[in-house]
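Written out below as structure tokens is the structure these notes cover.
The values are calculated or read from the model by the stated rules, or taken from the named source; none is laboratory data. Fair warning: this is a prediction, and the values are worked out from it, not measured in the lab. FYI the Cβ positions are ideal-geometry reconstructions off the backbone, even for glycines, and counts take in every protein chain you see. Note: accessible area is taken over every heavy atom of the protein model, side chains too, but ligands, DNA and RNA are not part of it. Shrake-Rupley method; radii C 1.70, N 1.55, O 1.52, S 1.80 Å.
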Amino acid sequence: MRCLLILFPLLAVACGSQFSALQEPAEKAAESVGCRDSESRLFDVLYTSLVELKKIPTEKDLQKVFDKALENRPDIHLDREEFLKMVSEFYQILLKIPSKDPNELLEKLTALEVGNQTTLEAQSLQKELREFETKWQSFVTSQDIECTEEPQEPSKSFGLVYGARKVMVTAYQSCSADEKAPIEESTPDVKGIRIVGTHSDGIGKKREISDLRSVQQTNYYLQNLGQSSSCQDVRENPLIYDYGGKPYVTAEERSSLNLFKNMGSGTSVLGIDCSGFVFASVAAGGLKLHPLKKLKAILVTGINSRMYMDPEANGMPCFSKVKMGVSGTLKPGDVVAIPGHVLIIDSIGADPFGIQKISSSEKCASLNYRNFNFNVAQSSPSKNGIGINRFFGPDYLAEEPSIRTGFEKYARDACKARFQKKDLQIVASDFQIIRHQQSGACVDKALPLEGEGCALTCPSLQSLQLDIDSRRAL
């Protein structure tokens, strides 16, 4: 549609306003030049378009947005021509990703911002971004400006287990979800959920609720659902497992994570997948992925299980691969990843791998998952698509042979290392256990969850918080 400037001057505004929502984030990006997160702010402008407008802008669209931002903000003293040239180069790199779907592009871009290198396409783009970063830093230096960002108070870590428990209670809006014993092999399947197809990747199944009453009656966490006045009733629209589903977020820096609104490539049912649950737990626990980068809710859309298998190579150096042996084995909060699934160690027994019962190195080979003693927290298709759950480790491994094989390899190698009086970096095919530093520069202010007020009243979480505080005081 052409703008009729003389007869209908208001239409001229309309023609140029389809990206007007990007003005504010563009101004924030321009004024952040010189700050450590200035490149991240450039990502945020594009995220705003993809999430709020559901539009994929062109590089020229974005350049116009920034040109207008500088016009609106004469107090931002930048070399206008050079800045717009740099902005244009940055978005040319990002928009090389072939996609006509804003959600798909958002997923790839957020993974790229984190540092994803799990595909050849991602590796090529990361190389271009590193080259751009060198130019960007040179530009920033040439502007002779200082960051005006206000200093923040040091954050205190709540930890990954606390984050996972908080996500779980918030999802079910009941303290009973955290107080119930972990589900077991004998726990009945959920009824009333059916598979209606397969996602475009050919792996994930599409699920829907076919009989709500059956789900209400058979879902372990919806039975005897005790709720306080600060909790909402989720039984009329319960969360189940949703492959590709993520908590809803915005591009705002301190966006909350909303478990009760759809996002990502999942289906129309409410629910999140395994990586969505783990990131939400990281965010709710106040943990960062990278010591030099802020924790951003929008990143939940991009991190997949493969990235957790090699966190340092994929932009998440606050996690590292664990060593096991003489100093111990599993710890609560450890993250376990295989291609296609990722989970959290929720709690452990005194001897999580059963190693203390072994009398010699030769007998380490006899270690069996049935003798393990730990619980996992996850969102999984277990029990016919239950979604977010805590599961008794040995019973879960009985259903998952690929994960079971990896755990048994870790246990046997850790056992041998114990007899050798050393710690080993254990290697298992397509299986990795990693651990977050949970301190120092890898801690940030926890991101809020919609409806989390329900969780904050739970005695079990309050007790866990008191334990965290007492250990911090030591």
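The set of residues in segment 46-94 that are closer than 18 Å to Ala251 by Cα, open to solvent by 10 Å² or more (accessible area, probe 1.4 Å) and hydrophobic (A, V, I, L, M, F, W, C) comprises Leu53, Ile56.
Of these, Lys108, Lys191, Lys127, Lys100, which one is in contact with a helix residue (DSSP H, G or I) (Cβ under 7 Å, 6 or more places away or on another chain) and of a type in the set (Lys, Arg)? Full working, then the answer.
Details: Lys108 fails: in contact with a helix residue (DSSP H, G or I) (Cβ under 7 Å, 6 or more places away or on another chain); Lys127 fails: in contact with a helix residue (DSSP H, G or I) (Cβ under 7 Å, 6 or more places away or on another chain); Lys100 fails: in contact with a helix residue (DSSP H, G or I) (Cβ under 7 Å, 6 or more places away or on another chain).
Only one candidate passes the filter, namely Lys191.
I'd like to know if segment 124-139 contains one or more residues that are modelled with pLDDT of 95 or more, open to solvent by 10 Å² or more (accessible area, probe 1.4 Å) and within 30 Å of Gly333 (Cα to Cα). Yes. Elements of the type helices (runs of 4 or more DSSP H) sitting completely within segment 57-133 and holding at least 1 residues that are within 29 Å of the chain's Cα centre (by Cα), under 24 Å from Leu295 (Cβ atoms) and in contact (Cβ under 8 Å) with a residue 24 or more places away in the chain: these cover 80-94, 102-114.
Would it be correct to say that Glu253 is open to solvent by 10 Å² or more (accessible area, probe 1.4 Å), farther than 18 Å from Glu104 by Cβ and either in contact (Cβ under 8 Å) with a residue 40 or more places away in the chain or part of a helix (DSSP H, G or I) (or both)? Break it down into steps so the answer makes sense when it comes.
Values: open to solvent by 10 Å² or more (accessible area, probe 1.4 Å): yes; farther than 18 Å from Glu104 by Cβ: yes; either in contact (Cβ under 8 Å) with a residue 40 or more places away in the chain or part of a helix (DSSP H, G or I) (or both): yes.
So Glu253 fits the description; yes.
How about segment 441-474: which of its residues are at pLDDT below 90, within 24 Å of Ser255 (Cβ to Cβ) and open to solvent by 20 Å² or more (accessible area, probe 1.4 Å)? Scanning segment 441-474 gives Leu456, Thr457, Gln465.
Could you tell me how many of the residues in segment 402-436 are open to solvent by 30 Å² or more (accessible area, probe 1.4 Å), within 30 Å of Leu222 (Cα to Cα) and modelled with pLDDT of 95 or more? Qualifying residue count, segment 402-436: 1. Could you go through segment 285-295 and let me know if any residue there is in contact with a helix residue (DSSP H, G or I) (Cβ under 8 Å, 6 or more places away or on another chain), within 27 Å of Lys205 (Cβ to Cβ) and crowded, with 24+ Cβ neighbours inside 10 Å. The answer is no; no qualifying residue exists.
Taking the listed residues Gly204, Gly163, Gly226, Gly197, the one that is among the small types (Gly, Ala, Ser) and at positive phi is Gly197, with no other qualifying. Screening Val300 on (1) open to solvent by 30 Å² or more (accessible area, probe 1.4 Å); (2) closer than 30 Å to Leu259 by Cβ; (3) touching a Pro at 6+ places or on another chain (Cβ under 7 Å) shows it passes everything except condition (1). With respect to the numbered conditions (1) in contact with a strand residue (DSSP E or B) (Cβ under 9 Å, 6 or more places away or on another chain); (2) touching a residue at least 24 places away in the same chain (Cβ under 8 Å), which one is the sole condition not fulfilled by Gly328? Gly328 satisfies every listed condition except (2).
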